Amino acid sequence: MHVRRMSIVLINAVLLACSEKPTVPATPSMGSSPAQTVGVNDRLLWDQSAADAAELKTFQYAIYVDGTRSVLPDVSCATVSAAGTFACSARLPSMSPGRHLLELTAFVTVEGSVLESAKSQGLQVSFVGPVTSAPSQGAASPVAPAAAAVSRAGGDTQPSFVAEGLEQVSDLAFTPDGRLFIADRTGRVRVMRDGALLPQPALELRLEPDGIGDAAGATDGAGAVLALAVDPQFDRTHFVYVLSTARSRRRTLAFVLARYRDAADTLADRVVLLDDVPAASPDPAGALRFGPDAKLYVAFDAGGDARLPGDLASPNGKVLRLNADGTTPEDQAGASPLYSSPYHSPRGLGWETESGIMWVVDAAAGGVAHVHAVGMGSINGRKRGVTKATVALPPPDEPSALAVFHDSVLIASVHGEPLVRGRIDPNDRTRLMETEALRQNENDAVQALTVAPDGAVYFATARAIGRLSLP
């Protein structure tokens, strides 16, 4: 996704001296420009003609949004001209989401009178508004029509690739001893140790008599490993949790949540914690992570049924909060593992440490993708997630993963920008600002994200693992 910064050229808007009084500035002219999509972080750019920098300082600017005038705020202009013009920029004025016509004028104030140029040629824009906050705890959160505009990072962020020759990578998880577990949709979990990809998989799903397992690589989505989570007490337990798909007892596609024990780079001693949860076919989606409270959070898609996210008796379209053994925590509201809802196709989740906010990225119905900021609320002293804010990602975008890195939320996509970084507003921890695209290879979709124990960000394309060192 590319959001272009507007370039409005004002030509001949020069205040000419007449006797000792300035005259009305000449009508600004603007080159032909197509309609553009802009957001809260974009600035308006233009070139302003002036005799010199001293005259330029006497100018003010008015912006007309659909004919309504306001003084343009936060104007900044260069002090050196180029071919008689000075490069200027300003913060966009407040606008409601949607299409607008922008027109610009230059003016001076003389003895209380405003001498203003004629309006420039109009520019059509589509404004994609900021993140908004929920009005009250427990209420349905309002949804901003789109995310803050995505700008380009200064220079390409160059990754180093640490593993190649993989297949359909779906998730990544580090153990405390530095090994990287790699899940893929062919039904395998691979291990990278000391920078080398081990030849034998730690886990390979197979068709089993009870129907819980399935043949790797099945075309209907069965037998895929979707997500991994490592026990916070791994040094003691050696537990690794796996979210996969299989055919249910009714022979339809279903999710399976299982716990395995790692032994010599092999996952064994399977214990099924949850199964027979309907999954969307042929492209199931789910997420799995341990939270800062050492509870296991698992997200399931809507199972191909738009009614299930609203059904409190169904785990579909929801994030569940579980104990490490798969039981419901005693402090969970309603004695139910239901923590947050509704979702359509959740692709990733993670926590910002300072605030405890859980961020969830969801590919919603109709091709719209959302990022949700979920806080931990209380109902009669019991815990339940409360959506604090929601933002829609600008199309085209299909999110694939999410990770929280220090003060930023990283969102991976299989369409649009491969990797986007949204910085968390320090004054409102539920709001993303200064969103930028991190460019590694725009033609290679990012499928998975995780943060290593050393603070580096690891990402996966379908066939390779890369490492990024971000400031």
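In order along the stretch 333-342, the Karplus-derived 3J(HN,Hα) couplings, from 6.51 cos²θ - 1.76 cosθ + 1.60 at θ = phi - 60°, round to 4, x, 6, 10, x, 4, 10, 8, 6, x Hz, and Gly and Pro are given as x.
When the surface is traced with a 1.4 Å probe over the full set of protein chains, R69 keeps roughly 100 Å² accessible.
Rank these residues by their accessible area, most exposed first, probe 1.4 Å: S413, S94.
From most accessible down to least: S94, S413.
Of the chymotrypsin sites (Phe, Trp or Tyr not before Pro) in the stretch 306-372, not one is in a loop by DSSP (not H, G, I, E or B) with at most 16 other beta carbons within 10 Å. Rounded, prolate or oblate, given the Cα gyration tensor of the stretch 339-429, with a/c below 1.5 counting as rounded? It comes out oblate by the Cα gyration axes.
Of all lysines in the structure, the ones whose alpha carbon falls short of 27 Å from that of K119, not counting any fewer than 8 places away in one chain, are K21, K57.
Of the residues M95, M376, ranked by 1.4 Å probe accessible area with the largest first, the sequence reads M376, M95.
Rounded, prolate or oblate: which fits the stretch 268-345, taking a ≥ b ≥ c as square roots of the Cα gyration tensor eigenvalues, rounded meaning a/c under 1.5, else prolate when a/b beats b/c? Judged from the Cα gyration tensor, the stretch 268-345 comes out oblate (a/c at least 1.5, b/c at or above a/b). Ordering F174, F107 by accessible surface, largest first, gives F174, F107; the 1.4 Å probe counts only protein heavy atoms, with every chain in place.
From most to least packed by mean Cβ count within 10 Å, the peptides 399-406, 330-337, 421-428 give 399-406, 421-428, 330-337. Computed with a 1.4 Å probe over protein heavy atoms only, the accessible area of D275 comes to about 40 Å².
Please enumerate, by chain and number, the lysines with C-alpha under 20 Å from the C-alpha of K318, excluding those fewer than 8 residues away in the same chain. Leaving aside lysines fewer than 8 places away in the same chain, those within reach of K318 are K295, K383, K388.
Note on E204/R99: beta-carbon distance plugged into 1/(1 + (r/R0)^6) with R0 of 56 Å gives a FRET efficiency of 0.60.
The values are calculated or read from the model by the stated rules, or taken from the named source; none is laboratory data. All values derive from a computational prediction rather than experimental measurement. Because the Cβ atoms are built from the backbone with ideal geometry, glycine has one as well, and the counts that use them run over all protein chains shown. To get the accessible areas, we keep the full protein, side chains included, count just its heavy atoms, and leave off ligands, DNA and RNA. Shrake-Rupley method; radii C 1.70, N 1.55, O 1.52, S 1.80 Å.
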